[in-house]
Every structure is written in C-alpha cells, then in structure tokens.
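The values are calculated or read from the model by the stated rules, or taken from the named source; none is laboratory data. Just so you know, these numbers come straight off a predicted model, no measurement behind them. Cβ placement follows ideal geometry from the backbone for every residue including glycine, while neighbour counts extend to all protein chains displayed. Accessible surface areas use protein heavy atoms only, side chains included; no ligands, DNA or RNA. Shrake-Rupley method; radii C 1.70, N 1.55, O 1.52, S 1.80 Å.
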2 protein chains.
Amino acid sequence: MVDQDELRSRKDADGIALPDALSAHGVQLDSALEARSELEGAAAYLELHIEQGPVLESMDLPLGVVLGTFGVERHQVTFRGQAAHAGSTPMDKRRDALAGVARLELEIREIAKRTGQGAVCTIGSVVTKPGIVTSVVETAECLLDQRHLDRATLASMLQEAKDASQRFAQAEDVEVEWERIWNIEPILFDDGLIELADESIKEVAGSSHRLPSGPLHDAAEVARAGVPTVMLFVQSLRGLSHTKLEDTKPDHLELSVQALDKLVSKTIERVTG
Amino acid sequence: MVDQDELRSRKDADGIALPDALSAHGVQLDSALEARSELEGAAAYLELHIEQGPVLESMDLPLGVVLGTFGVERHQVTFRGQAAHAGSTPMDKRRDALAGVARLELEIREIAKRTGQGAVCTIGSVVTKPGIVTSVVETAECLLDQRHLDRATLASMLQEAKDASQRFAQAEDVEVEWERIWNIEPILFDDGLIELADESIKEVAGSSHRLPSGPLHDAAEVARAGVPTVMLFVQSLRGLSHTKLEDTKPDHLELSVQALDKLVSKTIERVTG
C-alpha cells in the first residue's frame, strides 16, 4: 500500500503533483480516506465488464463469472550505463543500458512460461536516454508488470526477474535499480455471490464458466475493503483490449445486461430476505 | 543523398517543418545549394577535433592524424505488433513489438563482433507505443546506426541486420519496416595533407598515429565536395563523448593547437609554393 507522503510527491508527465491534479477534479487528498464511510452498510458490489481477454471467445461462451483478480507486481526497472559516441566507442568498451532491458524483455517471457497457470509478465514501456542515434544508451527505464492468482508464485516470479536483471547488469557492466510502482495481492471474490452469478448466467445464456481476471478492476479494491463482491465478464472479440479494435457483439452485450439484472435481483433478495 | 522533396517533408519533434526551422535561422532551403560557390578556390580544409574515442589514450599519445571517416548507415526500424491487455492476454497469444527490438538490439552486437575491423552498431533510441504498463507494446521504433570504413563491408552489415529483423518479426508474429534516415559512404582524406599532418604532429609531440574516425565530421562533407581535407585528433579522456564527462587534458589541447598551427603553415607553403 502506498503511503500518503509518497502519493504527495508523485508527479505526472507534465510535472503536476498528484494532490494538485486531484484537487483540480474536486478531490482533496487529505480528506480522501473519509470516503471510506460510504462503504458502511454496503451489502454487495456487483460489476459487469468485458473480459479483455480471449478465454470466453475460445470456449464460444458469451458470459463468465469472475473468481477474483490476479495479484500484480508493478515495477520501474532502470538500467544505467554510460553514454558514449556511437561511432567512436568500440563494442567491447560499451556500457549499454539498452542491452539490460533487451535481455530482461526476453527473460520475463521465459519466467512466465516456466511459471504457467496463467502467469503473465509484460514490459509495456521503454524510455531511452539520451535517446539519440549517435550515442550508446546511458539510461534505459522500463515498466514491468507481473501477474498471478497465487501470492507465493507471484512473489517467486518477481524474485526471478530481479535475479535475472542483476545477472544481466553484471554481464553488461551496467547498474540496475528497481522501484515498486504499485502492487496488489490476489483478491478472491465472494463465494455466495459467485454462486448467484453462475445461476444468473445459466438462466440467460444456458451455460457459464468460472475464470480469474488478469486485468485489475475497481471490484478488487472494493472487495479488499471488505464488501462482498463478484463480477460478470462478457466475451471480448479476438481477446483484444486497450486498442481501437476492442469490441463485443451486441447480442452478448444484451445477454450481459440481462444476467446482471438477474444477479442484482437475486442479491437483493438474499440480502433482504 | 536525400532529395529536396524529402527534406521539405521532414518535421521535428514539435511538428515544425525543416524549411521553416531553417528559415527561422536565416537559411532558405531553395537557395541553400548556392552556398556551393563558397567552395570555389578552396585549396584545403583542415580540422582539429577531440577523438571522442579511446584509441589515442590507450596508446598514450596526445595526437593523431585522421585517415578518413567511417561510412554510416542510419535507419529507423519499426516493429508493429498488437496492443493487448497486460493482464488478460496469455503469453502465447501476444504479438509483442518490443520483443523484435530486444532481439535486434542483441543481434547487432553480434553482427559488429563478427565483422570486426572497428565495425560498430548501435541502437540509440527506442520508443514504445502505447507505452503504458498495462499493455503489450504495439509499436516499437528504434534508431539503428552502423559504421565501417569499407563500403562493401558496411553494406553487408546492413543486410545482416535486415535479414535478422525479418527472422525476428516472423518468430514474434509482428511486422517490421525499415526507413533509411541518412547514410554516407566512407570518405578518405587527402594523402598529401595526411603526410603534412603527420609531420606536424611529430614536430610538436614526438610521435604520431594514423587512425580512422568512427564519428562523422563536417570535414567528411567538405572532402566529399572535392576539397582536399585532413583532420587532427587530440586525445579524449576515458574515450568518452556526448556526455558531461567528456574531457581532454589542457597540455594536450595546447599541443593540438601548436600542431594545427604547423599544419596550416605547411599547407599554405605547399599551396602557394
């Protein structure tokens, strides 16, 4: 969990501090925790979302029940070498920070494959400095995201990546530094609500499927705050997300709203009954 | 050689077109070639420069004569895959553009080592898009710089890199595109002036050394325009350049100015004699 002092010091790409960015949207960091009172008396949290992945489509199912969300470890990994002229610096005298990132990018895929059970590792961003064609890369920063449904396995994936980065740094004569950006433990949804969601889906679509969620959702934070939570997934076409190609069939959207409606009714019935 | 239409279409990071950027500094693209008339009657071009590399320092010599400049092939290499959610996209369903760049970064070092004879290959910049921690990289653009003193060898290094990038693109199920940013052939300096430079250095420093230049210099363009050209290098400390740590001993700077003075006198004597 990030502490408030750390939050206060964070800035976006334009140099705007987090408290100022929040304030511009009517949220005061100092009183933000008081929002917790809104959770008092909350009986359940139900969320409908696109799957953002290829599982339901590959099973030819419109809807699924989400068991919980993967734990996530998210780090900025920075390799630091030495800027040097691309024309005059012999290959064996270079301390190329980019080589560290390149080796890590290839290694995290091996870590995910070795781990299995849906493990995923992603480097989604690389920033090179000075970032010019005439210089060996002095600093290469990358953002690493690792996810798994089992807490101990996730910890082990993280350690493997750290160990590998140290080996690469040593081999390349560069330095490596890890900074945790954010993390969250795996969060399992409410057993009773999972049953109700399963019933609702079967009633509108004939059959259901239970699956974990690789992506995070607001539901994970609400569940972590102690509110019984469940989610429904509706099929994503081609498993695509975070791109303009993201899409879902209108028929499936309609079924998903019907299933959510049933789930809401069943949940209210149980809570008030 | 880049044609004028291509120049006209180029824009900088702020979207300012090249002709406008030039014009803001008093240079008109359309009449730029008229500057060629300045070369009429030019008898020689002499340039003193820091080595920007580690050769003279490793030989414990203050000064050297430059034989010519490496040919350079400079390309933007773009791998295109598919953006997809970092949490929900199984490893075996990814089309990760960054993997293409990572493999190319490691391969160009092998190409340079296999080639030898001072060959250098550098990826100085990587840009990832969308460049966020929650998405597989859709587009990864890198800038590749390759240099060698022999024209055919340089062409072969380029072809090896292109072939490798195609293999990587196929293996990663992504696409790859090459765009030449700039290139220049190896340029050899004037034999007579090289002799005069050698004499001048020996007179002020006792001994001299002849070496090619990996970095490009204005001198290369002047030599290519037909003016007899030579350069002197003065030692760079730790071989570093393009960084704040770049430095040269004051004693060596003094020797270098003395050598240049002698070279100027000898050249004028030869031209007018």
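A few notes on this one:
- Checklist (1) closer than 29 Å to B:Val136 by Cβ; (2) touching a Ser or Thr at 6+ places or on another chain (Cβ under 8 Å) applied to A:Ala259, failing item: (1)
- Tally, over the stretch A:13-58, of residues that are open to solvent by less than 70 Å² (accessible area, probe 1.4 Å) and either among the hydrophobic types (A, V, I, L, M, F, W, C) or part of a loop (DSSP other than H, G, I, E, B) (or both): 23
- If the condition is being crowded, with 19+ Cβ neighbours inside 10 Å and within 17 Å of the chain's Cα centre (by Cα), then the stretch A:112-131 contributes A:Ala112, A:Gly118, A:Ala119, A:Val120, A:Cys121, A:Thr122, A:Ile123, A:Gly124, A:Ser125.
- Of all residues in the stretch B:171-188, those that are within 17 Å of B:Val120 (Cα to Cα) have Cβ atoms under 8 Å from Cβ atoms of residues that are open to solvent by 90 Å² or more (accessible area, probe 1.4 Å), 6 or more apart or on another chain, in B:Glu185/B:Arg151; B:Pro186/B:Arg151.
So that you can scan it fast, the table gives a plain yes or no per residue for (1) at the interface with chain B (Cβ under 9 Å from one of its Cβ atoms); (2) outside any helix (DSSP H, G or I); (3) of a type in the set (Val, Ile, Thr):
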site	(1), (2), (3)
A:Ile108	no, no, yes
A:Ser125	yes, yes, no
A:Gly131	yes, yes, no
A:Leu143	yes, yes, no
A:Arg147	yes, yes, no
A:Ser156	no, no, no
A:Arg180	no, yes, no
A:Leu196	no, no, no
A:Ser200	no, no, no
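- Among all positions in the stretch A:62-85, there is no residue which is modelled with pLDDT of 90 or more, open to solvent by 80 Å² or more (accessible area, probe 1.4 Å) and at positive phi.
- The lone criterion from (1) open to solvent by less than 10 Å² (accessible area, probe 1.4 Å); (2) closer than 30 Å to A:Asp145 by Cβ; (3) touching a His at 6+ places or on another chain (Cβ under 8 Å); (4) modelled with pLDDT of 95 or more left unmet by B:Ala99 is number (3).
- Matching residues in the stretch A:202-226 - criterion: being part of a helix (DSSP H, G or I) and crowded, with 16+ Cβ neighbours inside 10 Å: A:Val204, A:Ala205, A:Ala219, A:Ala220, A:Val222, A:Ala223
- Within the stretch A:4-22, residues that are within 13 Å of A:Ala32 (Cα to Cα) have Cβ atoms under 9 Å from residues that are of a type in the set (Ser, Thr, Tyr) and assigned to a helix (DSSP H, G or I) in these pairs: A:Leu18/A:Ser9, counting only partners at least 6 apart in sequence or on another chain.
- Selection within the stretch A:62-106 - at the interface with chain B (Cβ under 7 Å from one of its Cβ atoms), charged (D, E, K, R) and either without any contact (Cβ under 8 Å) to a residue 24 or more places away in the chain or in a strand (DSSP E or B) (or both): A:Arg74, A:Lys93
- Of all residues in the stretch A:227-273, those being open to solvent by 30 Å² or more (accessible area, probe 1.4 Å), in contact with a strand residue (DSSP E or B) (Cβ under 8 Å, 6 or more places away or on another chain) and in contact (Cβ under 8 Å) with a residue 60 or more places away in the chain number 7.
- Total residues in the stretch B:168-193, condition within 14 Å of the chain's Cα centre (by Cα), open to solvent by 50 Å² or more (accessible area, probe 1.4 Å) and at pLDDT below 95: 2
- When residues of the stretch B:132-167 are limited to those that are open to solvent by 20 Å² or more (accessible area, probe 1.4 Å) and among the acidic types (Asp, Glu), the one modelled with the lowest pLDDT: B:Asp150
- Only one of the listed residues (B:Glu107, B:Glu6, B:Glu47) is in the same structural domain as B:Lys244 (by TED's automatic domain parsing) and either of a type in the set (Asp, Glu) or out of contact with any Leu (no Cβ under 6 Å at 6 or more places or on another chain) (or both). That residue is B:Glu47.
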